[in-house]
Amino acid sequence: VQLFFHINLSIILIPPTGEKTYIIYFMNKAISLLALIKSLSKAEKRYLKLYSNLQNGEKGYLILFELLENNTSIDDIYKQFCIKQKGKSFDMAVKHLYKVVLNCLVHLNKQQDIQTQIFDYISKAGILFERELLNEALSELEKAEKLAIHYENDSLILLIRRTELKYLSMYDFTGMSEKQVVDKQMKINEIMRYTRSANLHTQLYDILKYRFTYKGCIRSDKQKENLNDLVLSELNLIANSSYKGFETEKLHLLFQSTYFLNSGNYKAAIRLYQDLILLFDENKHMILNPPLYYLNAILGVLDSLQSVGLYKEMPFFISRLKEMEKRDYSAEFRLTVQVYIYLYEFYSLFNTGNFKSAQELQQQNEELIFKKISLLELNLQLQLYLSLVILHIGLKDLKEARKNMKKILSSGKSLYIFPTYRIARLVNLILQAELGNYDYFENEIKSIKRSSSFETKQYITEKLLFKFIQSYPLPKSKQYRNKLWSYYQQNIQKIEEDKYERPLLKTFDFCAWIKSKLTDNPFDIIIKEQNKKIII
């Protein structure tokens, strides 16, 4: 947020000297309110306006709401508010609107959130029990339990069953047999076992996801073996779990599909992700708001298809993203979905040699996505900037490519942790080679090699690229370039047949670029030919 909003403290009415803490608090409040307003969905904005119409008294905060909705600069918002609301306190309006927005969201959430509905039943049961209406209290708990079971909320099921047993114990289990009491106790033990199993499953998935997010995909059979502890633990959990339901099946499919995707078994990954999507389709009531796991499943399929170059199969799954983007989720989530739609459509065009169409797509998304890039997660910002770099390399617009590469490299260490940053540095080597900055290569290549952790094995593509880049400037003699190509051709064929190299080539086909430089064939034509040789 602070990267996006431009704030000039000099125009804010500053309290007497010594109250700097107040100024910082006030500005943070205004920034938080602006971020909160920008995140509202259309339905939430409508509800806020309806809510305000029911209130009595002065409604100057609505003017502030409209200003926040239509602007991104605290400077401009403050100036316009002072003009429209002469004599009114901007500080007080910010505080009041912040309170109103939160109250509206809480109230709206109560109507939509299943967990809130369940808690309402539990609260009613507590009130009835305090008034010694045991049967009525148990009836409310029964309603709560049915709802919790339907949505497989194991933590609330456990709370409800414990509460029920506590109420019955307070009444000395009147009218119950010992077997009935034991059965209720066993149900509590059963849900505790399931909760423990689900927690362990979640932990294994989170560790697996963390490793791939920050260490990248598996690059060798040895690295694959290093994940055996997680894989065996996950399979053991599934084999020993007596409870089969949506949550355990979802976690199992998420774990297995993520593992196969990042270990290069794309055929298995696609099949498992499709099973996961089918599971969500059959249990639509279990899709969260926002639907993060469902989004994960769609992206998993698309990533697998992109890795193996099956771009003709991608439109169906991209259409799933477009359906999601039209739903009334938060503005932040919908923007994230829009970015993924753009990225997969972009690579479908660029990696099939349709550079001009990719450029048109980028221009169409300039206002929708690229003007809002600072609102995105850092990893998505990196991917968008990198897409611009490779687009302009493909179009031979090196000046524009260099401008966007500077945005990546000037980020310091904020983007350094992501595997995509390493790809960006490799692309930058190509860019510098095209610009004729040959002195840049030696130190940068050494730096890239040092950046690999002791667990990470270099891609064969990286080694080949380093060697090729260091041969710059390329010889002008066509005969000598042909000799070089005959040497590199054998290595490129090995790379194309190696499943562990595909995660690197899905972003930018370094092999096709080397071929284009040595054979004098256009880069886009070679990419089209490469795409026809796909083997899965």
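The values are calculated or read from the model by the stated rules, or taken from the named source; none is laboratory data. Nothing here was measured: the structure is a model prediction, and the numbers come from that model. Please note: Cβ atoms are built from the backbone with ideal geometry, for glycine as well, and neighbour counts cover all protein chains shown. For the accessible areas, the whole protein counts, side chains as well, though only heavy atoms, and no ligand, DNA or RNA atoms are used. Shrake-Rupley method; radii C 1.70, N 1.55, O 1.52, S 1.80 Å.
A few comments on the model shown:
- Extreme residue, nearest to Leu156 (Cα to Cα), among residues of region 180-203 that are of a type outside the set (Ser, Thr, Tyr) and crowded, with 18+ Cβ neighbours inside 10 Å: Ile191
- Odd one out for Ser307, checked against (1) at pLDDT below 90; (2) surrounded by fewer than 19 Cβ atoms within 10 Å (Cβ to Cβ); (3) of a type in the set (S, T, N, Q): (2)
- Residues that are among the acidic types (Asp, Glu) and in contact with a helix residue (DSSP H, G or I) (Cβ under 8 Å, 6 or more places away or on another chain) do occur in region 163-185.
- Scanning region 123-163 for residues being under 41 Å from the mean Cα position of the chain (by Cα) and either under 21 Å from Gly245 (Cβ atoms) or not charged (D, E, K, R) (or both) gives a total of 26.
- Tabulated pairs, region 164-181, first under 23 Å from Tyr121 (Cα atoms), second assigned to a loop (DSSP other than H, G, I, E, B), C-beta under 7 angstrom, 6+ apart or interchain: Leu168/Met176; Val181/Phe173
- Residues within region 182-203 that are hydrophobic (A, V, I, L, M, F, W, C) and under 27 Å from the mean Cα position of the chain (by Cα), tallied: 2
- Note on region 401-446: among residues that are hydroxyl-bearing (Ser, Thr, Tyr) and farther than 24 Å from Leu380 by Cα, the one that is surrounded by the most Cβ atoms within 10 Å (Cβ to Cβ) is Tyr440.
- Annotation note: of Leu376, Leu386, Leu343, Leu349, the sole residue that is at pLDDT below 95 and of a type outside the set (Val, Ile, Thr) is Leu376.
- Residues considered: Asp172, Asp229. Of these, the only one that is within 41 Å of the chain's Cα centre (by Cα), loosely packed, with under 14 Cβ neighbours inside 10 Å and among the acidic types (Asp, Glu) is Asp229.
- Neighbours by Cβ (under 6 Å, 6+ apart or cross-chain): first from region 70-91, of a type in the set (D, E, K, R); second buried (at least 16 other Cβ atoms within 10 Å of the Cβ) and not in a loop (DSSP other than H, G, I, E, B): Lys84/Ile63; Lys88/Gly60; Asp91/Phe26
- In region 120-127, the condition of being open to solvent by 30 Å² or more (accessible area, probe 1.4 Å) and closer than 30 Å to Tyr61 by Cβ is met by at least one residue.
- Count - residues of region 457-493 that are in contact (Cβ under 8 Å) with a residue 40 or more places away in the chain, over 19 Å from Leu429 (Cβ atoms) and part of a helix (DSSP H, G or I): 1
- Pairing residues of region 281-293 that are over 14 Å from Leu251 (Cβ atoms) and without any contact (Cβ under 8 Å) to a residue 12 or more places away in the chain with residues that are surrounded by 16 or more Cβ atoms within 10 Å (Cβ to Cβ) and not β-branched (Val, Ile, Thr), at Cβ distances under 7 Å and at least 6 apart in sequence or on separate chains, gives Ile287/Phe280; Ile287/Tyr294.
- Those residues of region 334-393 which are of a type in the set (D, E, K, R), free of Cβ contacts under 8 Å to residues at least 40 places away in the same chain and open to solvent by 50 Å² or more (accessible area, probe 1.4 Å), in sequence order: Lys356, Glu360, Glu366, Glu367, Lys371, Lys372
- Within region 312-326, the presence of at least one residue that is touching a helix residue (DSSP H, G or I) at 6+ places or on another chain (Cβ under 8 Å), assigned to a helix (DSSP H, G or I), among the aromatic types (Phe, Trp, Tyr) and in contact (Cβ under 8 Å) with a residue 12 or more places away in the chain is confirmed.
- Elements of type helices (runs of 4 or more DSSP H) contained in region 21-120, each with 1 or more residues being within 19 Å of Pro290 (Cα to Cα) and at pLDDT 80 or above: 42-53, 90-112
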